[in-house]
Structure formats: C-alpha cells, structure tokens
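The values are calculated or read from the model by the stated rules, or taken from the named source; none is laboratory data. Just so it is clear, the model here is predicted, and its values are computed rather than measured. Heads up, the Cβs are rebuilt from the backbone with ideal geometry, glycines too, and the neighbour counts pull from every protein chain shown. For the accessible areas, the whole protein counts, side chains as well, though only heavy atoms, and no ligand, DNA or RNA atoms are used. Shrake-Rupley method; radii C 1.70, N 1.55, O 1.52, S 1.80 Å.
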Amino acid sequence: MENPLTWLRLILVNLSLLSLLGASEFELEVRPFLEKHCLRCHGGEKTKGHIDFSEIKSMSDAESHHELWEAVAAVIEDQEMPPDDEPPLSDDELALLPNWYQKVFLSDIEARPTIFKPRRLSGPEYRNTMRSLFGFDLEVNVIEAEQTVAEKSLVLKLLPTDPPGPGGFINDTSEARLTTTIWDQYSYLTDVALERYFSDTETIDPETVLRDFLPRAFRRPVSDDQLQSILKDLADLSGESLLPALKLEIKNILMSPAFLYRGFSMPVQPGQSRQPVDPFELAERLSYFLWEDMPDAELFELAKSGQLTTPAVYRRQIDRMLASEKSISLAESFGKQWLLLDQITDDRGDPVTIHALQTQPRDFLYYLFTQNRPVMELIDSKTTFANHVTAAFYPGDRKQLKGVVRPRGVERIRAPNQQIELVNNPERGGILTMPGVLAMNKGPILRGTWMLRQILGEHLGEPPADVPPIQSSPKGKNLTFRERFEEHRANESCALCHDKIDPLGFALEAYDTRGKFAPVSKETELLIDTSGQLPGGKDFTNFMELKQILMTSRREQITRNAVERLLSYALCRKLERFDRPTVDALTTQIVETNGTWQDLIHGIANSLPFRETIINSSTTQP
Amino acid sequence: MNRSWNLDRRTFLRGAAGALVPLPFLNIMENSVAKNLSGETVPPVRFMTLFKPNGVHPPSWNINGGTEFDFRTSPLMAPFAKHRDDLLILDNMGDFGFSSHSNSSRRFLSGAHQNTKSASMDQLIADKVGSETPHRSLELTTEGLFTNQIGCSYISYDREGAPIPRESDPQLIFDRLFRDPMSDPKQRKSMSSLLDRVRDDAKSIQRKTGREDTETLDEYLTVLRETEKRLDNRDAISGASKVDFSKLERPPSPANLNEQVESMLDLIALAMWTDSTRCISYMLGNSNSRMIFDFLGVTEQHHYLSHFFRNFSRHNIDGLLKISLWHMEKFDYLLTKLKSYKDHHGTLLDHSVVLFGSGMGHSDNHTAQRIPIVLAGKGGGMLKTGRYLRYSKNQELSRLHLTLLQKFGVPATSYANSTTPLPGLDGGPFEEYRERPFQSWSKIENGKITVQGRLRMSDNLDEAKVFYIDVDGKAPVRIEIEFKDFHSFNVAYHVGTPILMTGNSSQKDGQIILSKITGIKSLFGKNDPGGAPG
C-alpha cells in the first residue's frame, strides 16, 4: 500500500469495529475447528457446495461472510455436518460454532451505520439523472416496429451493463470500477446531451445557465465563489467563442467526480465520527432509492431550507415520491432484479409475449409498492394485472378486461395491462403463480430453488458439478419424473438442499412449463401429485395449501427476506452483521401489524443505516 | 503523405430537409490513391450493399422481354432509371424454390441460406479492403431486432457465420466516424484539456476530505491517467488520424424513417468519400420488415401488405407499391449522392460497386427466383454498366458473390454452392435468356380446361392476384385461384414463361376462367417447386 495513512485507517477501522474478544475466539477456537473438521471438503482443493473455508483466515474475513455462519451453525446443530463417514464431533465441539455464532453475530450486535463511501452512479441512475438535468432523454434513432426489440436509451446502449454488486443489485457499484471505456462513453454522452441542449438557443447568458445547472448537477448548493470562478473564465468571451467554452465548462462539471459519484461533497461534522447524513445527502438517498434519480426541485428546496428532516415533512415527501410516476423504478429496477424478472422469456422468443409476461409482475409489484398493500400480498393477492396476451391464463376472470383495438394490417400489438380482481380463478393470485414466473423456472427443481432463494431468502450452495443425469424409467416400470427424481436424490448430501427445494417445486407441478394451470396429467389422466411436506413437518396436498403455510408459519421468514432485499437496495450495499438489529426491528414491525410496503419503505427511510453514517475523520488531512 | 485537408462545413449535404447546397467537388482522394504497375494512380474501390425487405410485387418489378442493350425498365425501376448507364440489372437470379424471410436475408450476401458457417461476402471484401481505413466496415440498419426469427435482422455475418451487430442511428455513426477523439485531433485536444481540469477538481476533493473516499478517487485518477496515455499514443501516429473533420455538420435528429434513412445514405457516401471505410452494408429494414410507413400515408405494416395475394385489396396493393417505390427512391438517392462527389478523375460511383436487391422474389409466396438484383457503379472498371442481363437459367446468388469476391481481389475459388463465376458482368459473353418458339392453344372438355401459352400476372392493380394465359387468336384465359393453388404449384415461378396448365373451367360474361389448377408444366424449364418452405 502506497499511502501509510490508508494502512493506519484500516487498522483503526478494524479496531473500532470488532471486539478483540471475538477476534481472539476466532483465532483460538473457530479456525482450528474448521481446519480439523471442515477444510478437507470445504477448502483448498475441494470446495463442496462451493463453500471454501480456506478463504476465511481472520475474524474480519469471518465477518464479511456473516451470512454463511447461520447455515453452518444450523447444519452442525442438526448434525447434518460433518457427514457420517467423517469423525463425529464431541459435545464441546458440537456446541462451539453455534455458540460462537450466537454470541458474535446475534447477541453482541449493536446497530450502527457503515463508513461513508462515495459510489458511482449506476447505468439507470446515470440515465435518469441526465434526463432530469437536461429535461430530455438521450435516445437511439431506431424504428421500433411491432415485434421487434431495440434498446432505445442511448445511455444504456453505450454503457457496459453494470454487474450486480455484493449487495445483489446493480446500484451497488462498489465493485463496478470506473474504466476507460466507461469514461469514453460518459464523455460522448455528455457531448451529445450538450449539443442538443444548446441546439436552438439563440442568446446565452452563462450566468443564468450555470446558476441553474451547477447546484442541480452536484445535487447540493454551490458557493458563489465557485460560480464566479467559472464565470471569470468566460467573462471575455462572446459570440461564436462563448458557446464552446460554456459547453466545456458544463462538460467539466458532468465529468467530475462530484457528479459521477454520490457523496464526495458531503460536509463532515467536525470531531464526530458517527453522524446523521446532511439534508442534501438524505435527499439524494431518498431520491435514488425511490426514483433511481436525482432529487427534484421540491426535495432540493426542502433540503436547503432544513425542513426535510422534520418528521412530518419527511413523511409527506416519501408519500409524494411514491405517488409520482418516477417510483416505477421500484418495480422496474428493484423488483426486476430481486425476482430475476428479466429472465422471463418465451419458448419462441416472441417479443409481444415476453413483453406481456414481464410487465405483468412489474405492474403487480408497482401496485403493491405504491398502493399501500400488505407485504404478504406478494404471496397471496386477489388483484392481478393482465392484457390480451396473458388473458388466457385467467379464463374465469378475463371478462373484466376491456378489449384492445388492433389497427388494420397490424399483426400484433403490445397492449398495457389492466387491473383485474381474481374471483373465479383461485389457482392464481400472488407472484408465485404468475405465468411468467412459472415459465421462467422450468420444472420443479428450478421453481423450488427460485422460491427458496428469492422469496424465502435462503442461501443455497450450487449443486455439485458431478451429478449424474436423472435415469429414465427402468423397463416395465412407468415412473413419473417425481418418482425417478426421488431415487436420484436419495443421496444424503443431495437431500440436504433438496428436502427444502423439492416440496416447493413439486407443489407447482399442476402448472405446465408455460405456466398454464393443468392439474390433470395428460399421460395418466390422473390428478398430478402436488403433495409434500416442508422440513419441520407441515403437510400439504396442493399449492393452495402450501400457500396457506407460506402465509402463516413462513410469514416471518418471507417478510424478513423482503426487508433484507429492500434495505440492501435502499442502502446500495450488502447488509452487514450490524444491520441485523435494523432488519429484526423492521421485520417484527411488519409481521405484527400486517404492514404494507409503504410502511416498510417509511421504516427503511427512517432507519439508522439510512439516516446516519460514520466518517472516519481521524485520518483527515489537516 | 500529408492529408491536412480542411473540409468545408457545407461538405455535409443534408438532403432530407430538401435544401441542397452547392457541391464542393473537393478532390479529397487525390493524395491518397495508390499507383498501379504502369505508374498510373488508382483510387480505391468501395463496396456498398443496400437490402430491400419483403421481396417485390413481381409484375411491377420484372422487365418483360428486352435484351442486354435493348430493354425498357419496369415501373418500379422508374425512380432510379435515370442512372441506367451506371446500372447492371440482373435477371433470373435465385434458387428454384421458396424462401423463408430469415433465409432470404442470409441468401442476400451469403449466397445460399445453408451457408451458415462462413462469412458473408461483404465481410470477405472488408477483410481485403478494410485494413488501410480507420473503420474496417460498417453494418447498418433501420429497424430493431426481430427476435422470433433473429436471422431476419441480419445480412452481414462474421467468419463463424454469426450475425454482426448493426447500427441504426445516423448521429451515432457520424460521431463514430468524425467525432471520436481517436480519429479526430481536435477532439483529442479538447479531451486533454478536460482531463487537466477534472484532475484538479478531483485533487481539491482529495485535499478537502481524505476520508474513505481516497480509494474511489484513486480509481478515478487512474482512469484519467490511462486516457491521457491513449491520447498521447494516438497523437504519435501520423496519417488518417490527422484529418480535421471538425467542420462537418452533424446530421440532425431524424423526424421520421425517411429522414433517418436519407441521413444514413448521406453518411454512407461521406464515409466512402473521406475514405473512413471502404465497405458498408445497409438494411432498409428487416427481411420481414414490420415497419409502418405513416409518412407515406400507409398505416398497415409492410410485411402484412407484402402478402398481397392473401391480404388482397386494391388499397393494400397501393400501399405496398408506395413502400416499394420509396425503397427505389432511396436507391436513387444513394446513387445520386455518390455521383455528386468527385473522386480522382471521375465520381465516387465510378469507383464503387453498389449491390442493391432482396433475398426473395415474389413477396407473398416467397419464391426464390427472379430475385431483384441490381449492381450500380463501374467499380473502377470491374463492371460494364448500362446493361440488362437476363440469364438463360436461374443463377444462384453465390455465383454473383464469387465473381465480385474475385474482382475485389479475394482469392476465392468457390463460394457457398458455386465454384464458377457468373459470366457477363464485365461485358464478357454469357448465355442470354432466349425464348424458343411455342404454340399457344386451349381446349375445354366437361368443365376441364387445358391451356398452353405464356403466363402473366394481371397488369390491372384492381385485380393484382389474377393471372392470364395468352392464347393466339383467342381471348386470354383468366386464372382466378385460391392462395393454396397459387402456392403449391408455385405459379409465381412460371410467370412470364410458356406453360401448359390444366384445371377446372367456368365462364362468366364470355370470359373463360380457370378456377382450380390440377396440373402445371413448364414448356422449357423445371416443374417441381421444391426447396425450403415459404
């Protein structure tokens, strides 16, 4: 490391975050335990289940893998690990890791915010921010004929697609570094925007332009000195030389770190390490959370006057922002990424069908998020959205749909969805039985895995690479896929995950690969077996019964997952050990009050990690 | 070589807005031409291709009768007929059979729809001619991707036969050609000064904060350093990158398809003239284009209208012909533009080869014969223009491709299904279509008719799905059939040729009508339609 201060800072950070006791316990007890019992299969050469303990060398490594330990403690407590062919654990050893986990990750935990870190705008955030700044969208010229697809946004077309960060969402750009490619595209996009912005202006007053532009671009007020210093450079220019110079000034602003990143300009409270974020940072946090966009004038003015932090004002702003069309980003970006909705496709790749299947859950989520609907309606709701393409999935209720007019000689159209109430189609309702979601996960295993990961929030490992294919029926026997699969997964280490996955997936077997409800098998003409038992002993005979179990005994787990995902999205980062109290409190509140998404959004916007930060000013240079 | 040209801002001619500005006739290429063995200067030869979607309405497109030098252009050719002396109109091009839309776009530059594992011919030419220019080639289009049958959206394919992404936005292309810091020294200078300034901003942030931000700022500063290095490296290279394009005018944002396409055609000509590239492929639409030409007053989709037999109405035929005429006007637009640029001792078109056409013939039943193919430009002497070549037999497109590849110096001995070049393009001998004498007659017995004579489509657009067989000394027999017959007997294939047809007959107002085909036999050609399904 070049800078000794960076070193010092790391040490200070670590000292301030970790209890010395936790660290020494890890070194003296946990690490030797892992080496003795786990590392042979989960480290170095073998990394079964893609779990690699050899990467975890210190307490700080252990902390950054905090989500791992809950599962590790559980398999040890349930005596699922180590497997039978390994030396058994003594009673002390049996208790060691679960106790350590309980103490370090659950009991000793105190909520605190994270250390402040600037973050580069994601692709969609950059697109929206440029749109808000300039008042127009940067678009590609392409003919969007029906049944064709084209990326219309010039920004999204040119910028490389952001990978999801450690937090699971693309707005966590902590690992999506700025590159020269991105730099070139920023430069180009800025040129294009400026060209258009000034294309039909006759007379330009640089001061008017910059007074308007500067604070909006930086998302905070700009001192008069700063403005004057730019104006000074332009003072002697006029006519043909003024415009290029002014463009360059604005380009300079839009290529500077203060625009491209969030947080570089937040003022620091002297002498305090933990502090509330300042009103402008708060306005930005709220606006990028709810709109994926910069604050608008109203929010900005409230930050400026100091009123934003007044609870009643803050509350009203959140409700106003949710009521705005811009909050579609909650469904478009958060919802889509959370539930992997952009993986919804159609066998034939038909854009009209794909459009219908993808917009249906989007519109449903948008309704839940913004119409004050309970969080659990994600799983069970009497309301859904459909258009003429998805209508076929709702034979009993499709009559509620108003017809769409197809212009003469136009073969197919993409029509908007309409809200319908489910009365005669009890097999639908909630996200799990939406045709697109069913079609995206083909077969019971993928459906079960998706439900476990995205809805119940379980961290499943990857299946081992050396699993043999599922055998076909032996001669003389006509076994169903389910029966053949039962034999296939009889292996103990497979059962570890498949006991959880399979009942969920097979419960949806009455829906075919395209999501159609077809409870009777075409081959046997018998009702398809959709029964099952969840680990822990809850029996069900079909998906409707499973849904009731999810709504009751799994309510807490589902809510907790929703809280974690939305909080992670709002904070643009991975949740940490010390976020657990925040998650616990929000989960309890929602579960106990049958809280709505709007309640949850308010809760997050008022939560400690959202409202506060830690500035490590000990390393600030004089 | 010193190429410090100063292009006038009026060099970029906008046609879409209708205002033509005086032609500059700058002889930009004078300094960049090569010399041949006898010491004469030789300008580079460029290759362009313009793809027309959805086939054609054959009676409007086909030239009836006529010979190599003595022919009358068809009604659909009217918009570009004024360039007759620069054209080589090819007829009887294609396979024998039907073509799907996606096969038709593959066939257009890859010779045959089965040729899916090799590069399209434009890319082979780009390999040959593209190394000296800033851009090896450009692949352009107008329309979004048709994902149901992705092949409909591509004509250019790479060495593995995989589709090459296309670009549709004229502004984006202009900027790539003329506003990229890597190609334009002024842009580099401006980027350099920008780097200096944002670096100062970043450093002042660094001084102010010094918090956790340092790491993120380091990442930012690193990118600034790397960008600077790239600019310096580029500045050190002499040659084409020194040309100052800053006075060229960026095309305005197009208001409709017509403006989008005309801007792109402007750019194609400009890119060629400035020697930014020597190979461009451009699709006027996907091969099954779903576009709506509302600016022509046509509100139905092009693809729907192109199935003019099945979706017959006079209104639909009118719409289809308006769209087709528009395509022909764009071809004319490109040729006019290429002629407007002086290039060496002639025009840009003299040193270019433009391949215009489609990948199927009849737009409703998708026959893969009499595919519209027109070559324009003399290609610096490669082609002898001003002629109409109607070959005696169907010629696969790959034969034409092989010929062009060889003329561009690609050492190919075969391409797709062809191992021998197509004769006649340079004025050499070829076997011209000659009609042999035949007799025409008709016979009616028990409601069955047998008729021999030349089959033709009605030239009355009010009945565009009707055919006639002309019989000497008698009224022509009217063929009024369902689509099923039309398609399964591939009636379109036989149009213009003598056949023997049998079927059910009836009479209405003295007119003999054949309403159901039971057999069809070509007097001199093939009979079995075969080939890929339509």
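Would it be correct to say that A:Ala585 is assigned to a helix (DSSP H, G or I) and in contact with a Phe, Trp or Tyr (Cβ under 6 Å, 6 or more places away or on another chain)?
On the way: assigned to a helix (DSSP H, G or I): yes; in contact with a Phe, Trp or Tyr (Cβ under 6 Å, 6 or more places away or on another chain): no.
No: the conditions fail for A:Ala585.
For (1) loosely packed, with under 15 Cβ neighbours inside 10 Å; (2) more than 7 Å from chain A (Cβ to nearest Cβ); (3) at pLDDT 90 or above, each residue gets a yes or a no:
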position	(1), (2), (3)
B:Lys186	yes, yes, no
B:Met191	no, no, yes
B:Arg197	no, no, yes
B:Asp200	yes, yes, no
B:Lys208	no, yes, no
B:Glu212	no, no, no
B:Leu221	no, yes, yes
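So which helices (runs of 4 or more DSSP H) are wholly in segment B:86-185 and hold at least 1 residues that are small (Gly, Ala, Ser)? Before you say what the answer is, go through the steps one by one.
Values: elements: B:101-110, B:121-129, B:170-178.
Because the criterion is at least 1 residues that are small (Gly, Ala, Ser), the helices (runs of 4 or more DSSP H) in segment B:86-185 that meet it are B:101-110, B:121-129.
Right, A:Arg216: more than 13 Å from every other protein chain (Cβ to nearest Cβ) and basic (Lys, Arg) or not? Step through it out loud before you land on a result.
Working: more than 13 Å from every other protein chain (Cβ to nearest Cβ): yes; basic (Lys, Arg): yes.
Criteria met by A:Arg216.
Within segment A:89-107, can one find any residue that is under 28 Å from the mean Cα position of the chain (by Cα), within 14 Å of chain B (Cβ to nearest Cβ) and open to solvent by less than 40 Å² (accessible area, probe 1.4 Å)? Can you show your working first?
First, the residues of segment A:89-107 that are under 28 Å from the mean Cα position of the chain (by Cα): A:101-102, A:104-107.
Then drop every residue that is not within 14 Å of chain B (Cβ to nearest Cβ), which leaves none.
So far as segment A:89-107 goes, no, none of its residues is under 28 Å from the mean Cα position of the chain (by Cα), within 14 Å of chain B (Cβ to nearest Cβ) and open to solvent by less than 40 Å² (accessible area, probe 1.4 Å).
Could you tell me whether segment A:227-248 includes any residue that is of a type in the set (Gly, Ala, Ser) and facing chain B (nearest Cβ under 10 Å)?
Looking only at segment A:227-248, we keep the residues that are of a type in the set (Gly, Ala, Ser), and these are A:229, A:235, A:238-239, A:241, A:245.
After this cut, where a residue has to be facing chain B (nearest Cβ under 10 Å) as well, the list is none.
No, segment A:227-248 has no match at all.
Output yes when any residue across segment A:485-498 is closer than 20 Å to A:Asp529 by Cβ and of a type in the set (Ser, Thr, Tyr), and no when none is.
No, every residue in segment A:485-498 fails to be closer than 20 Å to A:Asp529 by Cβ and of a type in the set (Ser, Thr, Tyr).
Output the residue which, of all residues in segment B:249-268 that are touching a residue at least 60 places away in the same chain (Cβ under 8 Å) and of a type in the set (S, T, N, Q), is surrounded by the most Cβ atoms within 10 Å (Cβ to Cβ). I'd like the intermediate steps shown before the answer.
At the first step, the residues of segment B:249-268 found to be touching a residue at least 60 places away in the same chain (Cβ under 8 Å) are B:249-254, B:257-268.
So of that shortlist, the ones also of a type in the set (S, T, N, Q) come out as B:253, B:258, B:260, B:263.
Details: B:Ser253: 16, B:Asn258: 17, B:Gln260: 22, B:Ser263: 26.
Among residues in segment B:249-268 that are touching a residue at least 60 places away in the same chain (Cβ under 8 Å) and of a type in the set (S, T, N, Q), the one surrounded by the most Cβ atoms within 10 Å (Cβ to Cβ) is B:Ser263.
Picking from B:Arg166, B:Arg199, which residue would you name as being among the charged types (D, E, K, R) and either more than 29 Å from A:Ser187 (Cβ to Cβ) or not assigned by TED's automatic domain parsing to the domain that holds B:Ser100 (or both)?
Values: B:Arg166 fails: either more than 29 Å from A:Ser187 (Cβ to Cβ) or not assigned by TED's automatic domain parsing to the domain that holds B:Ser100 (or both).
On inspection, the qualifying residue turns out to be B:Arg199.
Out of (1) more than 19 Å from the chain's Cα centre (by Cα); (2) modelled with pLDDT of 95 or more; (3) polar (S, T, N, Q), the odd one out for B:Gln123 is which?
Answer for B:Gln123: the failing condition is (1).
Could you say whether any residue in segment A:188-196 is more than 13 Å from chain B (Cβ to nearest Cβ), open to solvent by less than 20 Å² (accessible area, probe 1.4 Å) and under 41 Å from the mean Cα position of the chain (by Cα)? Give the steps one after another, and end with the answer.
Within segment A:188-196, the first condition is being more than 13 Å from chain B (Cβ to nearest Cβ), and the residues that meet it are none.
Among the residues of segment A:188-196, not one is more than 13 Å from chain B (Cβ to nearest Cβ), open to solvent by less than 20 Å² (accessible area, probe 1.4 Å) and under 41 Å from the mean Cα position of the chain (by Cα), which makes the answer no.
Inspect segment A:284-298 for any residue being surrounded by fewer than 20 Cβ atoms within 10 Å (Cβ to Cβ) and among the small types (Gly, Ala, Ser) and give the result as yes or no.
yes
Quick one: which of A:Gln185, A:Gln147 is within 12 Å of chain B (Cβ to nearest Cβ), buried (at least 20 other Cβ atoms within 10 Å of the Cβ) and under 31 Å from the mean Cα position of the chain (by Cα)?
Numbers: A:Gln185 fails: buried (at least 20 other Cβ atoms within 10 Å of the Cβ).
When all the criteria are applied, what remains is A:Gln147.
Check A:Gly536, A:Gly515 and return the single one that is in contact with a Phe, Trp or Tyr (Cβ under 8 Å, 6 or more places away or on another chain), in a loop (DSSP other than H, G, I, E, B), of a type outside the set (S, T, N, Q) and not assigned by TED's automatic domain parsing to the domain that holds A:Pro163. Break it down stepwise before answering.
Values: A:Gly536 fails: in contact with a Phe, Trp or Tyr (Cβ under 8 Å, 6 or more places away or on another chain).
Unique residue meeting the criteria: A:Gly515.
Identify the residue in segment B:305-327 that is more than 19 Å from B:Phe483 (Cβ to Cβ) and open to solvent by 10 Å² or more (accessible area, probe 1.4 Å) and, among all such residues, is farthest from the other protein chains (Cβ to nearest Cβ).
B:Leu325
Within segment B:159-179, is there a residue that is within 23 Å of the chain's Cα centre (by Cα), away from chain A (no Cβ under 12 Å) and of a type in the set (Gly, Ala, Ser)?
Initially, segment B:159-179 is screened for residues within 23 Å of the chain's Cα centre (by Cα), giving B:159-174, B:176-177.
With the extra rule that they be away from chain A (no Cβ under 12 Å), the set shrinks to B:159-164, B:177.
Next cut, of a type in the set (Gly, Ala, Ser) only: B:161-162.
Scanning segment B:159-179, I find at least one residue that is within 23 Å of the chain's Cα centre (by Cα), away from chain A (no Cβ under 12 Å) and of a type in the set (Gly, Ala, Ser), so the answer is yes.
Here are A:Gly436, A:Gly461: which of them is farther than 18 Å from A:Asp529 by Cβ and part of a loop (DSSP other than H, G, I, E, B)?
Result: A:Gly461 is the single residue among A:Gly436, A:Gly461 that is farther than 18 Å from A:Asp529 by Cβ and part of a loop (DSSP other than H, G, I, E, B).
For residues in segment B:448-473 being touching a helix residue (DSSP H, G or I) at 6+ places or on another chain (Cβ under 9 Å) and not in a strand (DSSP E or B), which is most open to solvent (accessible area, probe 1.4 Å)? Please lay out each step first, then the result.
So in segment B:448-473, the residues touching a helix residue (DSSP H, G or I) at 6+ places or on another chain (Cβ under 9 Å) come out as B:455-459, B:461-465, B:467.
Within this subset, residues satisfying the condition of being not in a strand (DSSP E or B) are B:458-459, B:461-465.
Details: B:Ser458: 6, B:Asp459: 131, B:Leu461: 45, B:Asp462: 87, B:Glu463: 35, B:Ala464: 2, B:Lys465: 70 Å².
Step by step, filter segment B:448-473, then rank; the result is B:Asp459.
Any residue at all in segment A:318-336 that's touching a residue at least 24 places away in the same chain (Cβ under 8 Å), touching a Gly at 6+ places or on another chain (Cβ under 8 Å) and of a type in the set (A, V, I, L, M)? Step through it out loud before you land on a result.
The first filter runs over segment A:318-336 and keeps only residues touching a residue at least 24 places away in the same chain (Cβ under 8 Å), leaving A:318-319, A:321-324, A:326-336.
Still in the list and also touching a Gly at 6+ places or on another chain (Cβ under 8 Å): none.
Within segment A:318-336 (the criterion being touching a residue at least 24 places away in the same chain (Cβ under 8 Å), touching a Gly at 6+ places or on another chain (Cβ under 8 Å) and of a type in the set (A, V, I, L, M)), the answer is no, since none of the residues qualifies.
Report, by residue number, each residue of segment A:372-391 that is touching a residue at least 12 places away in the same chain (Cβ under 8 Å) and not in a loop (DSSP other than H, G, I, E, B).
Of the residues in segment A:372-391, the ones touching a residue at least 12 places away in the same chain (Cβ under 8 Å) are A:372-390.
The answer is A:Pro374, A:Val375, A:Met376, A:Glu377, A:Leu378, A:Thr383, A:Thr384, A:Phe385, A:Ala386, A:Thr390.
For segment B:359-447, please list each of the strands (runs of 3 or more DSSP E) lying entirely inside it that holds at least 2 residues being open to solvent by less than 10 Å² (accessible area, probe 1.4 Å) and either more than 16 Å from B:Arg106 (Cα to Cα) or assigned by TED's automatic domain parsing to the domain that holds B:Val129 (or both).
Details: elements: B:373-376, B:387-395, B:441-445.
Those strands (runs of 3 or more DSSP E) span B:373-376, B:387-395.
Name the residues in segment A:501-548 that are open to solvent by 70 Å² or more (accessible area, probe 1.4 Å), of a type in the set (D, E, K, R) and over 22 Å from A:Thr390 (Cα atoms), would you?
Listed by number, the residues that qualify are A:Lys522, A:Glu523, A:Glu525, A:Asp529, A:Lys538, A:Asp539, A:Glu545.
Return only the number of the condition from (1) over 28 Å from the mean Cα position of the chain (by Cα); (2) under 23 Å from A:Met294 (Cβ atoms) that A:Thr129 does not satisfy.
All conditions are met except number (1).
Please work out if A:Leu154 is in contact with a Phe, Trp or Tyr (Cβ under 8 Å, 6 or more places away or on another chain), more than 7 Å from chain B (Cβ to nearest Cβ) and over 18 Å from B:Thr216 (Cα atoms).
Details: in contact with a Phe, Trp or Tyr (Cβ under 8 Å, 6 or more places away or on another chain): no; more than 7 Å from chain B (Cβ to nearest Cβ): yes; over 18 Å from B:Thr216 (Cα atoms): yes.
For A:Leu154, the condition - in contact with a Phe, Trp or Tyr (Cβ under 8 Å, 6 or more places away or on another chain), more than 7 Å from chain B (Cβ to nearest Cβ) and over 18 Å from B:Thr216 (Cα atoms) - is not met.
Could you tell me how many of the residues in segment A:118-144 are within 12 Å of chain B (Cβ to nearest Cβ), in contact (Cβ under 8 Å) with a residue 40 or more places away in the chain and either surrounded by fewer than 19 Cβ atoms within 10 Å (Cβ to Cβ) or among the small types (Gly, Ala, Ser) (or both)?
Residues that pass the stated criteria total 1.
From the residues in segment A:56-82 that are part of a loop (DSSP other than H, G, I, E, B) and open to solvent by 40 Å² or more (accessible area, probe 1.4 Å), which one is nearest to A:Gly457 (Cα to Cα)? Before you say what the answer is, go through the steps one by one.
Here is the first cut: in segment A:56-82, the residues part of a loop (DSSP other than H, G, I, E, B) are A:56-58, A:65, A:78-82.
In the following step, the residues that additionally are open to solvent by 40 Å² or more (accessible area, probe 1.4 Å) were identified as A:57, A:65, A:78-81.
Working: A:Lys57: 27, A:His65: 16, A:Asp78: 20, A:Gln79: 22, A:Glu80: 20, A:Met81: 21 Å.
In this case the residue turns out to be A:His65.
When you scan segment A:123-137, do you find a residue that is in contact with a Phe, Trp or Tyr (Cβ under 7 Å, 6 or more places away or on another chain) and outside the structural domain of A:Arg219 (by TED's automatic domain parsing), even just one?
Checking segment A:123-137: not a single residue is in contact with a Phe, Trp or Tyr (Cβ under 7 Å, 6 or more places away or on another chain) and outside the structural domain of A:Arg219 (by TED's automatic domain parsing).
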